[in-house]
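One structure is given below, encoded as structure tokens.
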Amino acid sequence: MLRIGIPRGFYYYRYFNLWPNFFYELGAEVVISPPTNKLIINDGINLAVDEMCLPFKVYLGHINALKKESDVIFVPRIVSVEKNCYTCPKVLGLPDIAKLVFNKIKLFTPTINQYKGGEPEELLKETAKLLNVSQRKTKKAWCNSMHKYATQEFSTEFLPADYLGHVKVSSPLKPRGKLALLGHGYNIFDSYITMSLIDKLRILGYEVLTSEIIPHNDLEKASGDLPKQMFWTVGKELLGATKWLLEQKDIAGIIYLTCFGCGADAMISDLVNRFVARQGKLPLLNLTVDEHTGEAGLITRIEAFTDMLARRKTESEDNLPAYGEFEYSSQGAL
Amino acid sequence: MKITFPHMGNLSIVARVLFESIGQTVIVPPPITKRTLQIGSKYSPEGACLPFKINLGNFIESAELGADTIVLTGGCGPCRFGYYGEVHREILRDLGYNFEMVVLEVNEKGLRDFNEKVKFLANGASYLEIAKALRLAWHKAKALDTLEEAVQQVRACEALIGTCDKLFSSACKRIDEAKNILEINAIMETFLSKIRSTDRSLRRDIIRIAIVGEIYTILEPFASLNMEKHLGKMGVQTIRSLYLSQWANDHMFKGLLRARSSKKAIAKAVPFLSDFVGGHAMETVGSAILFSECDYDGVIQVAPLTCMPEIVAQSIIPYYASKHHLPFMTIYVDEQSGEAGLITRLEAFCDLVRQKKKSSLKESV
């Protein structure tokens, strides 16, 4: 049986309930790399150029971790996963860079391009070739796995992270409300990158909500309400999630987590901040992490934010700090 | 309607004639200065790339001169340039400016939307008038590029430093004022012969370095901290992977005009970078390979900090460079970059390139 390794990074956090099932059904053994740890990150940092974003470095570390555990490593070239939307340039360039970095390892790099809609034909064709099965069998396996994937449901109790071997914590405190955590799935669900942010928020008594929990139709409607369609899938979801959250009555606040150097987030987070500031009612915390981030700094910021949220309930606090009022005001530039 | 647009090298000359020929009023933004960048950085997201910040500075300075309509090109990704217009619009709105933003692109709304934007800008001009305007603009772009290519060659060996750049500056002013193609060609011929007959120095260590990278940073001297001028002073002949007329040919005429196009470079990149990733990553990788095969002595990649496609190119080129012994250096620029730091790196690079050339000559003898 062929052992296919899947690196625990990037779009695995989106398709963890699709790809392994697809390969299993066609008779392959699937090996997932272990959760991100210090060794994986350090390897990734050494293998990538400095300017690369942290998730990319982490991903290279995961490929490295699978070297001896698998016969071939699945590093698809994900161009697009929905009509008229792209992923990010670094994700597009990933397989070509991986081929040069890991020139002695066998990599399986089919293109997934659904920009014009439809199924990822090349993925199906190349998988059939790799596993020596018929096209018909491959299509059937894909349909079955897609069905299972399409029916998966998430909640604040069961976020994607909770399905990935993450041990849930319980809080000694009374429930304090819902906090939305926005960001790319491969950041917010990787406990090493976020230093267990979801756990920390849960221990503080908050239910954590991510864009995966928002009903798909509501998300589509909200993200369609922009003058120009956002052409990154994750960007579209985050902007749609922001608009949806602003209409809810029971959200305590939003935390937007990004990695330093993320090109897409520079644009997306600016718009998220603007939409939230214009409404002026929901507190928003921006967290930027990279490989140098210290846990103490992160804890300080979260504690300050949640303290402020608690105070809003008991004392009369203005909705926008001086910084927010200046930053997004309509008072003219000069 | 008072139209403005961002600066990018000599784009303002080309854009101005295009819109004025169809009867529009154009407000050319003031030349880019530290003030432009200060204003732009202040109101831009911190992680946005340098071109975004400079553009925003241009728009705000144009507003001070009365501009009310911004014309930008756009795109649909994956590079973030396609969403510049939207974020600019929101920032300007929050700052209280009342701009009409016209983003020229073919997006999910299709060709009809594009045509409506063109009609809006055309202000009643006929298709013939628009075609004439495009032709005039194209000729100016070609003339400017031809002159610049000559400067890039002669600057390295001019006897009096600054001569070629002064001539190019005058040529740009004259071409900006030219009213028809005959005039443009006459000015081009005059200045071309002036540049080519500049007094030469006696230096014998001229090297040739190619500059590749993200289009804005390599076309706009303010963004690249005047890299080509500094290299010229160090006795380096330069060439770029992108020129203004080439960009126009690629993006407006699908590479069909008889001028530089990026098709060859993209073909060269394929063994290393198999398909597009957005931006000009394939052009960067492919041009580095092309220039190396044409015996250029070294390649410098310039890009704005956090530019996603260029980081992909930067991850790939060293694998080619080490195999083919090509001196290669990447320089990222942002609003905190200093010219002195750049000059130090360029000097070190040129020293290494010259040493390598000397030692390989010794070996061949």
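The values are calculated or read from the model by the stated rules, or taken from the named source; none is laboratory data. All values reported here derive from a predicted model rather than from experimental measurement. Positions of Cβ are backbone-derived with ideal geometry, glycine not excepted, and every protein chain shown enters the neighbour counts. In case anyone asks, the SASA skips ligands and DNA or RNA and just uses the protein heavy atoms, side chains included. Shrake-Rupley method; radii C 1.70, N 1.55, O 1.52, S 1.80 Å.
A few comments on the model shown:
- Segment A:225-318: C-alpha gyration tensor shape, a/c 1.5 cut-off, then a/b vs b/c: oblate
- Cα centroid separation, segment B:273-301 to segment B:57-133 (Å): 30
- Most mobile of B:Lys229, B:Lys140, B:Lys264 in a GNM of chain B (Cα contacts under 10 Å): B:Lys264
- Here segment A:172-297 is treated as an ellipsoid with the same Cα gyration tensor; its semi-axes, largest first and in whole Å, are 23, 19, 13.
- Whole-number accessible area per residue in Å² for chain B, which is evaluated in the context of all protein chains at 1.4 Å: 44
- Largest-first principal axis extents, alpha carbons of segment A:118-163, Å: 40, 17, 16
- Normalised by the number of residues in chain B, the average gap of Cα pairs under 8 Å and 6 or more apart makes the relative contact order 15 percent.
- Kirkwood radius, segment A:48-167, all distinct C-alpha pairs, inverse of mean reciprocal distance: 16.4 Å.
- The base-10 log of I(q)/I(0) for segment B:203-294, evaluated at q = 0.11, 0.18 Å⁻¹, reads -0.34, -0.85 [Debye formula, identical scatterers on Cα atoms, solvent excluded].
- Rg and Dmax, both from the Cα atoms of segment A:252-297 and both in Å, are 11.8, 34.
- Label-point gap, in nm, between B:Leu361 and B:Gln38 - each point 7 angstrom along Cα→Cβ: 4.7
- Distribution of pairwise C-alpha distances over segment B:146-203, 10 Å bins, in %: 25, 51, 19, 4, 0
- Averaged over peptide A:112-121, the number of partner chain Cβ atoms lying within 10 Å of each residue's Cβ comes to 0.
- Segment B:1-80: radius of gyration over Cα atoms, expressed as a fraction of 2.2 N^0.38 Å: 1.11
- Taking Cα atoms only, the orientation of helix B:111-122 departs from the longest principal axis of chain B by about 80 degrees.
- Between B:Arg93 and B:Arg204, full extension at 0.36 nm per residue minus the direct alpha carbon distance yields a gain of 34.4 nm.
- Segment B:221-344 shape via C-alpha gyration tensor axes, a/c threshold 1.5: rounded
- Binning all Cα-Cα separations of segment B:18-150 at 5 Å, short to long from zero, yields these whole-percent fractions: 2, 9, 16, 18, 20, 18, 12, 4, 1, 0.
- Evaluated over chain B, the Cα radius of gyration and Dmax, each in Å: 20.7, 69
- Chain A - Debye-derived log10 I(q)/I(0), Cα point model, q = 0.07 Å⁻¹: -0.31
- Shielding by other protein chains, B:60-73, mean Cβ within 10 Å: 1
- Comparing mean-square fluctuations of B:Asn185, B:Asn58, B:Asn115 from a GNM of chain B with C-alpha springs under 10 Å, the top value falls on B:Asn115.
- Paramagnetic label zone (point 7 Å from Cα along Cα-to-C-beta, A:Arg301; backbone N under 18 Å) in segment A:180-209: A:180-202, A:204, A:209
- When segment B:84-139 is reduced to its Cα atoms, the Kirkwood hydrodynamic radius in Å: 13.3
- Taking only the Cα atoms of segment A:1-103, the ratio Rg/Rh comes out at 0.96, with Rh defined as the Kirkwood radius.
- Extension gain for B:Arg196-B:Lys263 works out to 21.2 nm (0.36 nm per residue, less the C-alpha to C-alpha distance).
- Centre separation in Å (Cα based) which lies between segment A:71-139 and segment A:1-45: 14
- Among the listed pairs A:Lys178/A:Lys313; A:Lys99/B:Lys268; B:Lys268/B:Lys323; A:Lys200/A:Lys236; A:Lys228/B:Lys117; B:Lys229/B:Lys357, those with a Cα-Cα distance over 19 Å are A:Lys200/A:Lys236; B:Lys229/B:Lys357.
- The chymotrypsin sites (Phe, Trp or Tyr not before Pro) of segment A:147-217 meeting both criteria, a DSSP state outside H, G, I, E and B (loop) and at most 15 other C-beta atoms within 10 angstrom of the site's C-beta, are A:Phe158, A:Tyr192.
- Taking the charge dipole of the protein assembly as shown about its Cα centre, with +1 at Lys and Arg Cβ atoms and -1 at Asp and Glu Cβ atoms, the residue from A:Ile78, A:His292, A:Val133 reaching farthest to the positive side is A:Val133.
- If you plug the beta carbon distance of B:Glu347 and B:Asn185 into 1/(1 + (r/R0)^6) with R0 = 41 Å, you get a FRET efficiency near 0.60.
- Of the residues B:Glu61, B:Glu116, B:Glu105, the one that moves most in a GNM of chain B with alpha-carbon contacts below 10 Å is B:Glu116.
- Separation of segment B:331-361 and segment B:307-327, taken as the distance between their Cα centroids, equals 17 angstrom.
- Apportionment of accessible area to carbon and sulfur, chain B, percent (1.4 Å): 55
- Anchor B:Lys53: lysines whose Cα lies under 20 Å away (excluding residues fewer than 8 positions away in-chain): B:Lys34, B:Lys42
- Stretching the chain fully between A:His166 and A:His216 yields a gain of 15.5 nm (0.36 nm per residue, less the alpha carbon separation).
- Beta bridges assigned by DSSP with both partners in the protein assembly as shown are antiparallel in approximately 0 percent of cases.
- Partner lysines for A:Lys129 [C-alpha distance under 17 Å; skip if fewer than 8 residues away on the same chain]: A:Lys106, A:Lys137, A:Lys139, A:Lys140
- For chain B, the share of DSSP beta bridges that are antiparallel, to the nearest 5, is 5%.
- The protein assembly as shown - Kirkwood radius from inverse mean 1/r over Cα pairs (Å): 27.5
- Relative to the longest principal axis of the Cα atoms of chain B, the long axis of helix B:163-177 makes an angle of roughly 20 degrees.
- Chain-alone versus full-assembly comparison, segment B:78-92, residues with accessible loss of at least 30 Å² (1.4 Å probe): B:Pro78, B:Arg80, B:Tyr83, B:Glu86, B:Val87, B:Glu90
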